[in-house]
Amino acid sequence: MGAIEQDGLSPKDYLMEKFLKKFEHYIIIGLLGLMVLVVFLGTLELVVVLVKEMLKPPKFLLNIDEMFTVFGFFLMILIGLELIETMKVYLIEDSLHVEIIFSVAIIAITRKVIILDVKTLAPLTLIGVAAIILALSFGYYALKKALKH
């Protein structure tokens, strides 16, 4: 009995599965290349924004709004790096690591919290953000606990 019949796939289904796997692989490589480009350009833009803000009077000092802008850029680059790691692991191991997905989500919500203007938001929106933070924290904790056993 051949390998194809053992998997329960007909030769036609086996070829289709093989084609789709290769297609998916090349798409991930393309996305990975694009993400590397985006992270690189984002890093360059962060440098430009930081230098520009530091050269404004008073020189070498940042006000709170400028710091929020810089931190927003910084965290966006970290999100990009985590997504690159996710795609890299997927290419190598052909599986997604939920821990990395949680990391990306936590960094993304942290970025959102840092750049939020809480004075202009409705209380219900702030409660929603808090609920997301709690859910992600609990999920990450539960995942870490489950991976230990």
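The values are calculated or read from the model by the stated rules, or taken from the named source; none is laboratory data. Predicted model only: the values in this text are computed from it and were never measured. Cβ atoms come from the backbone with ideal geometry, glycine included; neighbour counts cover every protein chain shown.
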Handout entry: From the options 84, 92, residue that is modelled with pLDDT of 90 or more and closer than 30 Å to residue 142 by Cβ
Key = 84
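Restricting attention to the range 75-96, report how many residues are basic (Lys, Arg) and in contact with a His (Cβ under 6 Å, 6 or more places away or on another chain). Steps first, please.
Of the residues in the range 75-96, the ones basic (Lys, Arg) are 88.
Adding the requirement that they be in contact with a His (Cβ under 6 Å, 6 or more places away or on another chain) leaves none.
The qualifying residues number 0.
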Practice task
Out of the residues in the range 114-126 that are modelled with pLDDT under 90 and part of a loop (DSSP other than H, G, I, E, B), state the one that is surrounded by the fewest Cβ atoms within 10 Å (Cβ to Cβ).
Solution key: 117
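Here is a yes/no grid of residues against (1) at pLDDT 85 or above; (2) among the small types (Gly, Ala, Ser); (3) assigned to a helix (DSSP H, G or I); (4) exposed (fewer than 14 other Cβ atoms within 10 Å of the Cβ):
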| residue | (1), (2), (3), (4) |
| --- | --- |
| 96 | no, no, no, yes |
| 106 | yes, no, yes, no |
| 112 | yes, no, yes, no |
| 147 | yes, no, yes, yes |
Practice task
Scan the range 44-60 and report the pairs whose first residue is assigned to a helix (DSSP H, G or I) and whose second residue is surrounded by 10 or more Cβ atoms within 10 Å (Cβ to Cβ) and not hydrophobic (A, V, I, L, M, F, W, C), with Cβ atoms within less than 8 Å and a gap of 6+ or a chain change.
Solution key: 49/69; 53/66; 53/69
